[in-house]
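I have placed the structure first, in the form of structure tokens, so that the comments after it can refer back to it.
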Amino acid sequence: MITTDCNLSAETLTPEQLIEIYRLMVLSRRLDDREILLKKQQKTFFQISGAGHEALTVAAAFALRPGYDWFYGYYRDRALCLALGMTPYEQLLHAVGAADDPNSGGRQMPCHWGHKKLNIVTKSSPTGTQFLQAVGCAEAGRYFNRHPEAVQKHEGDYRQFKDVIFHSDEVVYCSTGEGATSEGEFWEALNTACNLKLPVLILVEDNQYAISVPVEVQTAGGSISKLVSGFPNLFIEECDGTDALTSYATLKRAVDHCRLGKGPALVHGHVVRPYSHSGTDAEEHYRPKCEIEKDAERDPLSRMKLFLVRENILNEDQIDELKKSVDDEVATAADRALAAVPPATNSLYNHVYSHGLDPCRMSSQPQIEVPEKTMLDLINVCLRDEMWRDNRIVVFGQDVADCSREEYLKQRQVKGKGGVFKLTAGLQLEFGSDRVFNSPLAEANIVGRAVGMATRGLKPVVEIQFFDYIWPAMQQLRNEVPTIRWRSNGNFSCPLVIRVPIGGYITGGALYHSQCGEILFTHTPGMRVCFPSNARDANGLLRTAIRCDDPVMFLEHKHLYRGTFGRGPYPGPDYMVPFGKAKTVKEGTDLTVITYGATVPRALQAAQKMEREQGCSVEVIDLRTLSPYDWEAIATSVCKTGKVIVAHEDTLSWGYGAEIAARIAGELFEDLDAPIQRVAATDTFVAYHPIMEDAILPQSEDFFMAMEQLAKV
Ligand SMILES: Cc1ncc(C[n+]2csc(CCOP(=O)(O)OP(=O)(O)O)c2C)c(N)n1
């Protein structure tokens, strides 16, 4: 339903509020115009406007509560941010990229809104990543409401830095263009928001175009609100988003639906785009003049002005006065912003990782020694210990729960599953379904929701079932998880743990149950990467990962889960292994092997054979964490032996070993007595047949051969 007439009597807005709505709309447009000018003058470097969206987004701010509700906006939300309390000066600081820009401190392009005090959560550039995070944010609010004791802070772990605020009836706003609703994450988010009846308000600001692609090409049938009509619990309403009053009335109804706990809402607001997509687009290439002129007739500013005059709320002189006062405000703010200090280049490493807690310094001694356990057992025990210690931890992923249909568990009809590898077995039974639950079969869903939860202060410890299937979550893993702290200049963070069974050697695992790929995450600043080779390390590293204040990719080798190598005693509920501290698994003097994960036992076997058969003393170093890694241990060993093999299970070329080898060559050249050797998988995929699998993945014979060759040099 699209209504075009403003109907004051239907609304509860006072004349003062109506004038304020108009003032904010004018202010937003004038700021866009000023930024466009500054861009032309090369005083700023990018511009994307909120023009045409002002009525809808100011109305949204009026329907919601600043600093109370949560906001996952997008780049057209300038007017929303102004109405929530962001100042024109703050917006212009963002445009010039000043050090004091509260949105990002000069790190993100303009209009990537984020304001800690106002609960405007840092926004990135990829379209569509906000949806699942908004869902996770709403889940966190619900969790804290049900478990208020979890709000308490705790010295010595990430909770120290996470002030939790929540309100029992808070709403999470999440806006988007109609184009971005084509992203898969939109559908994943809607699915979960409806399934869990979460208070998420999705505002689709439909200006008919995604850059040059019109809505009928994006969306089957041309209307997103019609397309989603089958979702249960979803409030759906269309409105003329160029009309502030109609928009307000619609949004108010939608917000009420969310606040009352009835589920999510989707408001489909029809707006216009009077300027091209951004400063670098020229819409006349794909839109005829007549279409652009037709849009101009619906300009929200003209419509609101007409309404105010018609209703005798303001006369023409007062309108002129208002505009002049806005112009003066914008001019003053622009002058101040242009004089603002740019970010210092030596600040560029700030906020890549937490400044408060360094996981390289988090360590404690083992306490209890009891019979040996597998890596699987000790990971499970660590999760259990930490969940007792910290009630902000939630565990979810595919098949991680014991049994989603709780009654079967309660009636003891079933024992429960707890993960395809049973790593999470018994956790739902012990901690309840609020804290341990299954996700849909959608990897982005898992990571995106976890990001939203972690931003609010929960500690999600999620599982991706197999490393081979991590790829649907890559947008979140590359562009969101590791960037949030840096891009918001330390105002937001999402410390979380992603546990992933990884690797091959499982006989028959083939292409899609054997993959490694740790390099993709070590190559990503902001992400910590662990890859333990034995039970005790896995236990101590996972504990550090959970307690620390950074996102951690925790890679667990499937072949080591139950194997005899690396079994170890339970080291007690407080055992932490520091990140960036390698372990010398075998001391030696003639050559060094640097490796990690499932190649540790293979290297060790070959090293023992070398010693037995050839009297060659091989030192084997297990890195344990790949980012950060222990350069000191590497350098000390290489200086001692003068010969080095860098080895890993992943494919050889452009692998983790290349970086280590390059650094050794660059910094320890004088200490080398022979060229650096690498042992790794062939540059192929892993095949199903065991003969092929053996030939592809590095075996202890391959290590032995490389050691033999190197020893001869
Ligand atoms: C994942 C991703 N793909 C492509 C882009 C490039 N891009 C930026 S904005 C945009 C169009 C978005 O259109 P819509 O969602 O309708 O919002 P509008 O700009 O029209 O308000 C595109 C394709 C991007 N930022 N992210």
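Values as computed for the structure displayed
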item	result
Pairs where the first residue, in region 407-432, is touching a residue at least 60 places away in the same chain (Cβ under 8 Å) and of a type outside the set (Val, Ile, Thr) and the second is open to solvent by 90 Å² or more (accessible area, probe 1.4 Å) and part of a loop (DSSP other than H, G, I, E, B), C-beta under 7 Å, 6+ apart	none
Per-region count, region 432-469, residues among the charged types (D, E, K, R) and assigned to a helix (DSSP H, G or I)	4
Residue match in region 193-212 (condition: assigned to a helix (DSSP H, G or I) and within 16 Å of the ligand (Cβ to nearest atom))	no
Residue within region 500-513 that is within 21 Å of residue 362 (Cβ to Cβ), of a type outside the set (Gly, Ala, Ser) and in a loop (DSSP other than H, G, I, E, B) present	no
Filter result for residue 563 (open to solvent by less than 20 Å² (accessible area, probe 1.4 Å), of a type outside the set (D, E, K, R) and farther than 22 Å from residue 709 by Cα)	no
Residue under evaluation residue 225, criteria (1) in a loop (DSSP other than H, G, I, E, B); (2) among the small types (Gly, Ala, Ser); (3) within 16 Å of the ligand (Cβ to nearest atom); (4) in contact with a strand residue (DSSP E or B) (Cβ under 7 Å, 6 or more places away or on another chain), criterion not met	(1)
Helices (runs of 4 or more DSSP H) completely within region 240-328 that count 2 or more residues being under 27 Å from residue 68 (Cα atoms)	244-259
Residue that is in contact with a Ser or Thr (Cβ under 7 Å, 6 or more places away or on another chain) and assigned to a helix (DSSP H, G or I), where the choices are 409, 383	383
Elements of type strands (runs of 3 or more DSSP E) contained in region 529-605, each with 2 or more residues being of a type in the set (A, V, I, L, M)	552-557, 591-595
Among the candidates 178, 170, residue that is farther than 18 Å from residue 460 by Cβ, within 16 Å of the ligand (Cβ to nearest atom), over 19 Å from the mean Cα position of the chain (by Cα) and of a type in the set (D, E, K, R)	178
Positions within region 225-248 being crowded, with 21+ Cβ neighbours inside 10 Å and out of contact with any His (no Cβ under 6 Å at 6 or more places or on another chain), in sequence order	234, 239, 242, 243, 244, 245, 246, 247, 248
Residues satisfying the stated conditions in region 92-147, i.e. closer than 17 Å to residue 486 by Cα, of a type in the set (A, V, I, L, M, F, W, C) and within 15 Å of the ligand (Cβ to nearest atom)	109, 111, 113
Output for region 65-81, where each listed residue is open to solvent by less than 10 Å² (accessible area, probe 1.4 Å) and either away from the ligand (no atom under 16 Å from the Cβ) or among the polar types (S, T, N, Q) (or both)	69, 71
Residue ranges of helices (runs of 4 or more DSSP H) in region 66-181 with at least 2 members more than 26 Å from residue 24 (Cα to Cα) and aromatic (Phe, Trp, Tyr)	130-146
Whichever residue in region 1-55 is among the small types (Gly, Ala, Ser) and at pLDDT below 95 and, among such residues, is farthest from residue 238 (Cα to Cα)	9
Tally of residues being within 16 Å of the ligand (Cβ to nearest atom) and either small (Gly, Ala, Ser) or not in a loop (DSSP other than H, G, I, E, B) (or both) across region 37-57	8
Residues of region 182-192 satisfying the condition of being surrounded by 24 or more Cβ atoms within 10 Å (Cβ to Cβ) and within 11 Å of the ligand (Cβ to nearest atom)	185
Residues of region 651-665 classified as touching a residue at least 24 places away in the same chain (Cβ under 8 Å) and open to solvent by 20 Å² or more (accessible area, probe 1.4 Å), total	6
Residue list for region 448-484, restricted to those being open to solvent by 30 Å² or more (accessible area, probe 1.4 Å), under 18 Å from residue 524 (Cα atoms) and either of a type outside the set (Ser, Thr, Tyr) or away from the ligand (no atom under 16 Å from the Cβ) (or both)	471, 472, 474, 475, 478, 479
Residue list for region 695-713, restricted to those being closer than 19 Å to residue 673 by Cβ and not in a helix (DSSP H, G or I)	713
Residue 546 vs. criteria aliphatic (A, V, I, L, M), under 28 Å from the mean Cα position of the chain (by Cα) and open to solvent by 10 Å² or more (accessible area, probe 1.4 Å)	no
Residues (at positive phi and polar (S, T, N, Q)) located in region 183-237	208, 233
Scope region 666-694; condition open to solvent by 60 Å² or more (accessible area, probe 1.4 Å) and in a loop (DSSP other than H, G, I, E, B); matching residues	673, 675, 683, 684, 685, 688, 689
Candidates 483, 522, 544, filtered to the one that is of a type in the set (Val, Ile, Thr) and closer than 30 Å to residue 371 by Cβ	544
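Listed here are the residues, each with its yes/no results for (1) under 23 Å from the mean Cα position of the chain (by Cα); (2) buried (at least 24 other Cβ atoms within 10 Å of the Cβ).
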| residue | (1), (2) |
| --- | --- |
| 47 | no, no |
| 55 | no, yes |
| 99 | no, no |
| 107 | yes, no |
| 132 | yes, yes |
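The values are calculated or read from the model by the stated rules, or taken from the named source; none is laboratory data. Nothing here was measured: the structure is a model prediction, and the numbers come from that model. Please note: Cβ atoms are built from the backbone with ideal geometry, for glycine as well, and neighbour counts cover all protein chains shown. Side chains included, ligands, DNA and RNA excluded: accessible areas come from the protein's heavy atoms. Shrake-Rupley method; radii C 1.70, N 1.55, O 1.52, S 1.80 Å.
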